[in-house]
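The values are calculated or read from the model by the stated rules, or taken from the named source; none is laboratory data. Owing to the predicted nature of the structure, the values given are computational and were not obtained by experimental measurement. Cβ coordinates were reconstructed from backbone atoms using ideal geometry, including for glycine residues, and neighbour counts include every protein chain displayed. Keep in mind that these areas ignore ligands, DNA and RNA; they rest on the heavy atoms of the full protein, side chains included. Shrake-Rupley method; radii C 1.70, N 1.55, O 1.52, S 1.80 Å.
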Amino acid sequence: MGKYVAYPAYKDSGIEWLGKVPEHWDSVALRWISKRFSGGTPDKTNGDYWSEGTIPWLNSGAVNQQIITTSSAYISLDALENSSAKWVPEKAVLIALAGQGKTKGMAAYTTFPTTCNQSMAAVVFEEYNPKFMFWWLTSQYKNIRGLASDDARDGLNLEMIGSIPCPIFDKYEQQQIADFLDDKTAHLDKLIGQKQQMIVLLNEKRMALITQAVTKGLDLSVPMKDSGVEWLGDIPEHWNVLPLKAFLNDIAGSIKTGPFGSQLKSADMSKEGIKVYNQKNVITGDFNSGFDFISEEKYNELSSFEIFPEDLLVTTRGTIGRCAIFPHGIEKGVLHPCLMRLQFKKNKLLNHFFVKLMQETKILLEQLTLKSNATTIEVIYTDTLKNLIIAVPPVFEQQQIANYLNTETQKIDDMITTVKQAIATLQEYRTALITAAVTGKIDVRGFK
């Protein structure tokens, strides 16, 4: 920890979570120094409980705030009185007993009186500093999660929470450690936030660069013309504005969605055989990994859905609009129902140019949304996609644009990677600093 010094003397705490601690520290189970209770959720079907409530109420996701400053919802007094929801005082610690992903085991600190759901344990301290205990419990996230199994369905309970060992010592020293961590983590969080904002700006710059290139070209001195398409505006005079179907091969099946569910059922899948390439292959760009397979007999039934080298694959359900070009030298396979195959005339439209247009700008997805009269779209259909209007330069210029964007976006991607690495380093340092302070590995008493 660099500039920080250790305490003068240490002793073995006898507890694995704590290890060696300063000589004047002791330890105790959480149950002996706190009050613990869980909350409740008023009846969701009773609109009066939720529509004009004034009492703050927190769901499990609120712990992601760490220092809780906003409520998840508000409930009425009737809702409080007719449910197991309970008041949690200001300066209490909440621990998520369950929840999706990383939520279970996370600790948070309340800055206002509130209520919470039944998947949260409220821990109230009277004799010991609650902010120090918040930092201690935050540092022990992995150990706390380990009290329950890794199964997402298995949650923590109040008995488990009560068993957590805690370091105890003079309240004034606890306050000093809490103040130190409040100050240092605020500084680190500010730096992390600035770098996260930098990533947002770099991504915006990346998208603007791509959008400019694929709609206006690289030479801004060329004559322009009205595209005739409101959302597109002016385009270079020599570009063509046509529906996507004008660029498809003239052969049948040049645009094709994977087989219907009735043609390819879950029961048809096996762990070996001929691959069914799916969305994960496209999103990751990894076509060597196998996830779904079918028999040779089933493959013969679905031969019209076979994928060929240089086919452009597009995800059509859930995560829509992600693209990948099927590479050479990959074993044969067929489309998954959630993929679409596009085959373009090579002298009219290059796959790489279309990928930039489809996946790395919002142009086509916004047009799809407009055509579907929806604020969001969940499925891309072949008829809708092939009637999209696109502006396209000659093939040689498409290649120039694709080459330019590959070079320039790589520079931005490298910058984003560097910033992400810096964020990871700061987050690791933040975690290490908290752990070092609350376990007494560094002496921050009087530190300025």
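Listed values, structure above:
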read-out: Any chance I210 is open to solvent by less than 40 Å² (accessible area, probe 1.4 Å), within 22 Å of V314 (Cβ to Cβ) and out of contact with any strand residue (DSSP E or B) (no Cβ under 7 Å at 6 or more places or on another chain); value: yes
read-out: Test: I255 is touching a residue at least 40 places away in the same chain (Cβ under 8 Å) and either in contact with a strand residue (DSSP E or B) (Cβ under 9 Å, 6 or more places away or on another chain) or under 14 Å from P337 (Cβ atoms) (or both); value: yes
read-out: Residue pairs meeting the criteria (Cβ under 7 Å; at least 6 apart or on separate chains; first more than 14 Å from M198 (Cβ to Cβ), in region 402-418; second open to solvent by 80 Å² or more (accessible area, probe 1.4 Å) and part of a helix (DSSP H, G or I)); value: A402/H352
read-out: Residues within region 363-376 that are more than 16 Å from T315 (Cβ to Cβ), of a type outside the set (S, T, Y) and out of contact with any strand residue (DSSP E or B) (no Cβ under 9 Å at 6 or more places or on another chain), tallied; value: 5
read-out: Unmet requirement for K332, which otherwise passes all of (1) over 12 Å from Y277 (Cβ atoms); (2) free of Cβ contacts under 8 Å to residues at least 60 places away in the same chain; value: (1)
read-out: Unmet requirement for A29, which otherwise passes all of (1) open to solvent by 50 Å² or more (accessible area, probe 1.4 Å); (2) closer than 28 Å to S119 by Cα; (3) in contact (Cβ under 8 Å) with a residue 60 or more places away in the chain; (4) not acidic (D, E); value: (1)
read-out: Single unsatisfied condition, P8 versus (1) surrounded by 13 or more Cβ atoms within 10 Å (Cβ to Cβ); (2) more than 31 Å from the chain's Cα centre (by Cα); value: (1)
read-out: Single residue of region 16-27 satisfying the filter (within 16 Å of F169 (Cα to Cα) and of a type outside the set (D, E, K, R)) that is farthest from the chain's Cα centre (by Cα); value: H24
read-out: Selection from region 56-100 of residues that are small (G, A, S), farther than 11 Å from P113 by Cα and either in contact with a helix residue (DSSP H, G or I) (Cβ under 9 Å, 6 or more places away or on another chain) or surrounded by fewer than 17 Cβ atoms within 10 Å (Cβ to Cβ) (or both); value: G61, S72, A73, S76, A79, S83, S84, A85, A96, A98, G99
read-out: Neighbours by Cβ (under 7 Å, 6+ apart or cross-chain): first from region 167-186, closer than 16 Å to I33 by Cβ and touching a residue at least 12 places away in the same chain (Cβ under 8 Å); second part of a helix (DSSP H, G or I) and among the charged types (D, E, K, R); value: A178/K131
read-out: Breaking point among (1) within 19 Å of V276 (Cβ to Cβ); (2) open to solvent by 20 Å² or more (accessible area, probe 1.4 Å); (3) under 25 Å from the mean Cα position of the chain (by Cα), for L339; value: (2)
read-out: Residue within region 142-157 that is touching a strand residue (DSSP E or B) at 6+ places or on another chain (Cβ under 8 Å), of a type outside the set (G, A, S), crowded, with 17+ Cβ neighbours inside 10 Å and more than 30 Å from M415 (Cα to Cα) present; value: yes
read-out: Condition check for L405: open to solvent by less than 30 Å² (accessible area, probe 1.4 Å), within 25 Å of G258 (Cβ to Cβ) and not acidic (D, E); value: no
read-out: Residue pairs meeting the criteria (Cβ under 7 Å; at least 6 apart or on separate chains; first free of Cβ contacts under 8 Å to residues at least 12 places away in the same chain, in region 339-353; second of a type in the set (S, T, Y) and surrounded by fewer than 19 Cβ atoms within 10 Å (Cβ to Cβ)); value: none
read-out: Some residue of region 259-270 being within 30 Å of F293 (Cβ to Cβ), among the hydrophobic types (A, V, I, L, M, F, W, C) and in contact with a His (Cβ under 9 Å, 6 or more places away or on another chain); value: yes
read-out: Any hit, region 432-448, residues being of a type outside the set (A, V, I, L, M, F, W, C), assigned to a helix (DSSP H, G or I) and open to solvent by 70 Å² or more (accessible area, probe 1.4 Å); value: no
read-out: Test result for L18, closer than 28 Å to F112 by Cβ and open to solvent by less than 20 Å² (accessible area, probe 1.4 Å); value: no
